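One structure below.
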Amino acid sequence: MDVFGSFALILAFTCSVYTVAAGIAGIRTRHPLLLKSATQAGIAVCLLITIATACLVYLFLTDDFSLAYVAGHSNRDLETFYKVAALWSGQEGSLLFWSWLLSLYAVTLLIANRGKHPELMPYVTVIVAGVQCFFLILNVFVASPFQVLGTTAADGTVQLMAPADGRGLNPLLQYPEMVIHPPMLYLGYVGFTIPFAFALAALLGRYPGEKWIHLTRRWTMVAWGFQGLGILLGAHWAYAVLGWGGYWGWDPVENASLMPWLTGTAFLHSVMMQEKRGMMKVWNVWLVFITFMLCILGTLLTRSGIVSSVHAFAQSTIGPWFTGFLLVCLAVCVVAYLKNRDYLRSESQLDSMVSRESSFLFNNLILLASCFAVLWGTLFPVISEWVQGTKISVGPPFFNKVNIPIGLFLLFLTGVGPLLAWRKTSTESLARNFGWPLAGGLLAGALAWPLGFNDVYALICLILSVFVTLTIVSEFTRGALVIRARAGLNFFSSVGHLTMRNTRRYGGYVVHFGMVLIFIGLAGAAFNEDVQNEVEPGSRMEIGPYTLEVQSLTSRPAQNYTAERVTVDVRRDGQSLMYLYPERRFYPVNEITGTMVAIHSTLKEDLYVVYAGRDPESNRAVLHAYRNPLVKWIWLGGIVVVLGTVLGLVPNRQPVVVLRRAGVVTGQDAAALTPEPVGAQQRRVHEATD
Amino acid sequence: MKRAKFVMASAVILVTLGWLGYIGAMESKTYYYTIEELEKVGGSADSQRLRVGGDIQAGSIERLRGRVDFVIEQEGRSLRVSYVGTDPLPDTFVDGAQALVEGKRMPDGRFVAEKVQAKCASKYEADPSGKPGYGAPEGQPKAAPAGSDRKS
């Protein structure tokens, strides 16, 4: 099986080299058969990598410990579910998985666009295949998952060996989210290859207009959605499993995943500038380039050990490969840009500071500033070592100081931006659109202040959250009321109709609302508190309104670990609310212990109890309790963001043509009803092929 | 004209953020030294927040009331560390693990750590035999001598 898998990978590599070569030759000679064969080879790559991946999964399922990768990441006792997930638990498997996902994206792309866009697709095929080649080089020559265990004797013969059992999967990874989180994140990282390929293809081929943006909008949203979901799942895993009471620590690996998401978010917004007004063409192209390169940089940071991280990834030798690939990408992008930059000339100018355009510009500026700050902070040890010769790292205060104001400003723009008109917004329309949402926000702030909402940032966050929510509600209401008046539907089906007529716009609002929920959850961190105590059965701890009474300490064995568990009776106002069972698990195979946090989560707050272990001297159990307000809002917000993203992917339903009654519909209302704001109609023609 | 306004506004934002970043960096910057470098820099490092990495010397972990003492080693040099932080030490904190300690150095040379990170990276990636894994080059016949319990 391992030989079969290896050969499949070698063949895949050959095919993808062929795709690149035949594609380039096809672009030069315009020979249709060459181009067709390149496409077919691209599809073959996907089949071959699928076979290789299936082989590795099969080897995991059949406990073939002669394979170094299987022996290192699985054992006989491991549950079947986790045996499959062990595929992406280590470096070699992750890279194979990465390759496989890329090939799946590629094949979907090739099949969906077969016979379409003859000018653009050959370039796209070559670029995607080029990236695929790089990963296959790693899979085949550098970090093959199909290496067998063995030693070389003095005479050069190879002695193969298979241990009786594997070393098992890191127990920290034996958690459902940890099974879903990496694939989601990889789907994000890998997915940005497609918009990157289109942008580069359009630039190289001097493809006219904004078509590449229309073609990649859904791809970008998919990648962006997966990336965001991956980040949140990772945060939730850190929160629920690592037992330090938080979900985000500005660790280099976390930062690596956040950076492409930030630039991706900037890109999703700035493309609208190009679609509607023909501006920011250079910016957009570079945003995609940078997003893609940040994805590669993310992997480099994660895998190379340049920056130390709490994530126990092995430092490995693949760093130089990624650095090399990054430099090649950068060189290709710079050359393509310098050669064809005249094609990216802007068609319009900025007309006013108070306009949709400027809100997008500020949105982009601030997202990029955030990304730059994160990058700077992450690479600070490396940079300072170059400059001063001393490694200096910066901690969470640096990231928080910069990113909290940025986040709040973004939240403000989220409310303001969508309601500003293109080109220029008049003062009275500002007052009409923002008057009562702003009043509502301030009122909420005034009410919350005496209730103990006394952290400045948290208070601003609350005011802005209410403000943004009200602007979103007013947008839906305004549009729905017009539809109700004209089509005679009830209010809720009017909202549905409105949304389905312009899913991109209203899906966007849903995403914004999800972000508001996430911000509320993040603001809750300003009010976190925690206590830690040595306990024994009968002892009590107080945190906030809760009294934790330890009932018992018990030990119980499970399939591949032994658990020590504390039973905690949670009381409030003398009433027993519930029992919590924080646990410590000992995994004999890996000889390490893991923590199972007990969380009681409500919309108001999380009660988070960790059994931190025994005090070495007194041998008494140590219990650490946290009270984290509003954390649940983050996860709920994440779900809303995902739903909004899915909504934005659904094609628009064409509105039924209804004659307009003169004088009833105001300009604003008409804007809510037209699928695209004024000036976009002529550009919409392209979208028919989307 | 409009462009100039926008540039001005952007500059104000970026300068503000830069200033915030500078304050944040000053507040949290930590110098990373190897044990050897730390011995060389002398007293000037004692006012700085430091981060030092090394392997935990086997048998050196001593759990005392309110603190944990241990020794980390790196390239033949060692450093005595006292951990005084409130968080319990990570599960990965065992003999031989790689540890990253953060804190300050006392005038007597002892390192007082408020944070300890530990990882046993080698644990999951190493060959069970303790020797580096050997992968037979692709496409070459794999010699499987008698006595090998490898399934074909």
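Please verify whether A:Phe134 is surrounded by fewer than 21 Cβ atoms within 10 Å (Cβ to Cβ) and within 14 Å of chain B (Cβ to nearest Cβ), treating the condition exactly as stated.
It is false that A:Phe134 is surrounded by fewer than 21 Cβ atoms within 10 Å (Cβ to Cβ) and within 14 Å of chain B (Cβ to nearest Cβ).
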Can you name the condition, by its number, that A:Gln532 falls short on among (1) within 25 Å of A:Lys632 (Cβ to Cβ); (2) part of a helix (DSSP H, G or I)? (2)
Quick one: in the stretch A:247-257, which of the residues that are touching a residue at least 24 places away in the same chain (Cβ under 8 Å) and part of a loop (DSSP other than H, G, I, E, B) is nearest to A:Val374 (Cα to Cα)? A:Trp250
Six or more apart or on different chains, Cβ atoms under 8 Å: show the pairs whose first residue is in the stretch A:1-13 and at the interface with another protein chain (Cβ under 8 Å from one of its Cβ atoms) and whose second is buried (at least 20 other Cβ atoms within 10 Å of the Cβ) and in a helix (DSSP H, G or I). A:Ser6/A:Ala52; A:Ser6/A:Val140; A:Ile10/A:Val140
Residue selected from the stretch A:15-43 under the condition surrounded by fewer than 20 Cβ atoms within 10 Å (Cβ to Cβ) and closer than 14 Å to A:Ser103 by Cα, by the criterion nearest to the chain's Cα centre (by Cα): A:Ile43
Can you name the residue in the stretch B:7-25 that is facing chain A (nearest Cβ under 9 Å) and of a type in the set (A, V, I, L, M, F, W, C) and is also nearest to A:Thr390 (Cα to Cα) among such residues? B:Ala25
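Looking only at the stretch A:329-362, count every residue that is part of a helix (DSSP H, G or I) and either among the charged types (D, E, K, R) or away from chain B (no Cβ under 12 Å) (or both) and tell me the total.
Let us first name the residues in the stretch A:329-362 that are part of a helix (DSSP H, G or I), namely A:329-344, A:356-362.
Checking which are either among the charged types (D, E, K, R) or away from chain B (no Cβ under 12 Å) (or both) leaves us with A:329-344, A:356-357.
Residues flagged as part of a helix (DSSP H, G or I) and either among the charged types (D, E, K, R) or away from chain B (no Cβ under 12 Å) (or both) within the stretch A:329-362 amount to 18.
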Expected output for the stretch A:347-369 (first residue basic (Lys, Arg), partner modelled with pLDDT of 75 or more and crowded, with 19+ Cβ neighbours inside 10 Å, Cβ below 6 Å, 6+ apart or cross-chain) is A:Arg356/A:Leu420; A:Arg356/A:Trp422
Per the list (1) in contact with an Asp or Glu (Cβ under 7 Å, 6 or more places away or on another chain); (2) within 14 Å of another protein chain (Cβ to nearest Cβ), residue check on A:Val610 breaks on (1)
Flagged pairs (Cβ under 9 angstrom, 6 or more apart or on separate chains; first in the stretch A:100-114, on the phi < 0 side of the Ramachandran plot; second outside any helix (DSSP H, G or I)) are A:Asn113/A:Leu120
What number goes with the only condition from (1) in contact with a helix residue (DSSP H, G or I) (Cβ under 6 Å, 6 or more places away or on another chain); (2) under 28 Å from B:Val15 (Cβ atoms); (3) not charged (D, E, K, R) that A:Ala448 does not pass? (2)
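Tell me, please, whether a residue that is part of a strand (DSSP E or B), within 13 Å of chain B (Cβ to nearest Cβ) and either in contact with a helix residue (DSSP H, G or I) (Cβ under 9 Å, 6 or more places away or on another chain) or modelled with pLDDT of 85 or more (or both) can be found in the stretch A:545-561. Reasoning before the result, please.
Step one: filter the stretch A:545-561 for residues part of a strand (DSSP E or B), giving A:546-557.
In the following step, the residues that additionally are within 13 Å of chain B (Cβ to nearest Cβ) were identified as none.
No, because not a single residue in the stretch A:545-561 is part of a strand (DSSP E or B), within 13 Å of chain B (Cβ to nearest Cβ) and either in contact with a helix residue (DSSP H, G or I) (Cβ under 9 Å, 6 or more places away or on another chain) or modelled with pLDDT of 85 or more (or both).
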If you take the residues of the stretch B:1-29 that are surrounded by fewer than 18 Cβ atoms within 10 Å (Cβ to Cβ) and among the hydroxyl-bearing types (Ser, Thr, Tyr), which of them is nearest to the chain's Cα centre (by Cα)? B:Tyr22
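Quick one: in the stretch B:98-136, which of the residues that are modelled with pLDDT of 75 or more and facing chain A (nearest Cβ under 7 Å) is farthest from A:Ile592 (Cα to Cα)? Before you say what the answer is, go through the steps one by one.
Quick first cut of the stretch B:98-136, residues modelled with pLDDT of 75 or more only: B:98-118.
Checking which are facing chain A (nearest Cβ under 7 Å) leaves us with B:100, B:117.
Details: B:Leu100: 18, B:Gln117: 15 Å.
Step by step, filter the stretch B:98-136, then rank; the result is B:Leu100.
Return yes when B:Glu27 is closer than 16 Å to B:Ala99 by Cα, without any contact (Cβ under 8 Å) to a residue 24 or more places away in the chain and not hydroxyl-bearing (Ser, Thr, Tyr) and no when it is not.
Numbers: closer than 16 Å to B:Ala99 by Cα: no; without any contact (Cβ under 8 Å) to a residue 24 or more places away in the chain: yes; not hydroxyl-bearing (Ser, Thr, Tyr): yes.
No, not satisfied.
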Top-ranked residue of the stretch A:349-381 - restricted to ones that are hydroxyl-bearing (Ser, Thr, Tyr) and under 20 Å from the mean Cα position of the chain (by Cα), ranked as nearest to A:Leu430 (Cα to Cα): A:Ser370
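The values are calculated or read from the model by the stated rules, or taken from the named source; none is laboratory data. Predicted model, so just to flag it, every value in this text is computed and none were measured. In this analysis, Cβ positions are derived from the backbone assuming ideal geometry, glycine residues included, and neighbour counts consider all displayed protein chains.
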